[in-house]
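Read through the structure below, which is laid out as structure tokens, and then see the notes.
Every number here is computed from the coordinates shown, using simple stated rules; none is lab data. Since we're looking at a predicted model, the values are computed, not measured. Note that each Cβ is placed from the backbone with ideal geometry, even for glycine, and that neighbours are counted across all protein chains shown.
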Amino acid sequence: MKLGKYIGFIIGIVMLVLLLRNIDFGEVSHRLGQVHLGLLLLGLLPYAGCFLLRGVRWRLLLGPVKEISFQSALSAIMIAWASNNVLPFRVGEIVRPYVLGKREGIEVSASFATVVVERVIDGLSLVFILALFFLLQDIGGRAGHDIALVGYIAGGIFLALLTGLLLFEYRKPWFARIFRWTTIPLGWVSPHFVERLWAIFDTFHAGIGVLRSGRRLLGIVALSLVIWSGETAMYCFVLRACGIEIPVTAAYLVMAVINLGLVVPALPGFVGNFQFFATLSLALYGVGKNEAFAFSWVLWFAQVPPVTLVGLLFLAREEFSLKDLRRIRLARAEPAVPLQP
């Protein structure tokens, strides 16, 4: 077995084991039985709105490549989210551009590039929310230290990715020279394969063209913040449904920490990560481990199964199957003429 192939399973199980050591399942069961279902259902409304806004945002990201319909964008997004929930290795990040490519005729590498840009903007938005929270409030203790560490690591990763994307967008000839040098040995073995790599190189670059449009990019960033605010509204409803009373501003922090934690490789459905980071963030407000653990499962059931069900319905409508999604590969590009340095 290759360790890398199962890293998500290992991390998810380790997180669950760390959490389960001191959990009183009797208390957790009692708290689950006290959940206010009306508030929980109300929380689904802003969460559904977030997905509609994600469809609008992805259309903006894809604008420099091709204008697509809102329906196409939303369908691919829902299928991708469902794929991430039921399949390992975050395959949904590849599924989304693949499904869109089948529907709209866009090269997978071009639409995948927009997914990368979107994820970087999402990550930096969450880090911004976290940083703002730490600037406005004095947070100490072990939990505060751990959350700050999450923010530093995530911020460093997403800033590095953004820097790389900007350099690629504005200094493409540099990357073309490096790419040419590194593919020379491959060209001796398989010239056709190198042509395909050049095609991916070109179409990926086309996909990050949104980085040159200041107005469009500003709109995308604004939409991202609205989306995360909508998800925070859902968290507020779920927290109240579980009887947890913390300020609305604190719900922003809980939301940011959990979503940054989902970047870490995990079990399908993000089981383990979800519970671990929910418990970590709520510890800042004196919420007990059992209470936080119960909340994490209520939130998980409010988010993951409904999204998975809707995504599978979209999947059936697109005449795909989960078996088809497992076979998806990114390298799907037409031959291109190599760039001149």
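Per-structure values
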read-out: Cα-derived Rg to Rh of the range 124-234, Kirkwood definition; value: 1.14
read-out: Quotient of C-alpha Rg and 2.2 N^0.38 Å, computed over the range 22-94; value: 1.59
read-out: Label selected from [x] 28, 57, 15, 1; [y] 32, 57, 11, 0; [z] 20, 32, 22, 14, 8, 3, 1, 0, the criterion being P(r) over Cα pairs in 20 Å bins from 0, in percent as computed here; value: [x]
read-out: Estimated [θ] at 222 nm from DSSP helical runs (n ≥ 4, -39500 (n - 2.57)) normalised by residues in the chain, nearest 500; value: -26000 deg cm²/dmol
read-out: Fraction of alpha-carbon pairs over 21 Å apart in the range 62-167 - percent; value: 49
read-out: Pairwise FRET efficiency - Ser229 versus Leu149, Cβ, R0 = 22 Å, nearest 0.05; value: 0.35
read-out: Within straight-line cross-link reach of Lys66, aspartates and glutamates at Cα separation under 18 Å, skipping those fewer than 8 residues along the same chain; value: Glu104, Glu107, Glu118, Glu169, Asp202, Glu334
read-out: Fraction in percent of alpha-carbon pairs per bin - 5 Å, the range 104-153; value: 5, 18, 19, 16, 11, 9, 8, 6, 4, 2, 0
read-out: log₁₀ of I(q)/I(0) at q = 0.32, 0.34 Å⁻¹ - the range 15-59, Debye sum with one point per alpha carbon; value: -1.02, -1.06
read-out: Estimated dipole of the chain in Debye, rounded to 20 [Cβ of Lys and Arg +1, of Asp and Glu -1, Cα centre]; value: 840
read-out: The range 37-137: relative contact order as a whole-number percent, Cα under 8 Å and 6+ apart; value: 19
read-out: 0 to 90° range, to nearest 10: angle between helix 273-282 axis and the chain longest Cα axis; value: 50
read-out: Difference of contour (0.36 nm per residue) and Cα-Cα distance, Leu162 to Leu135; value: 7.4 nm
read-out: Compactness index (Cα Rg / 2.2 N^0.38 Å), the range 152-191; value: 1.61
read-out: Gained length - Leu217 relative to Ala48, 0.36 nm times residue gap less alpha-carbon distance; value: 58.5 nm
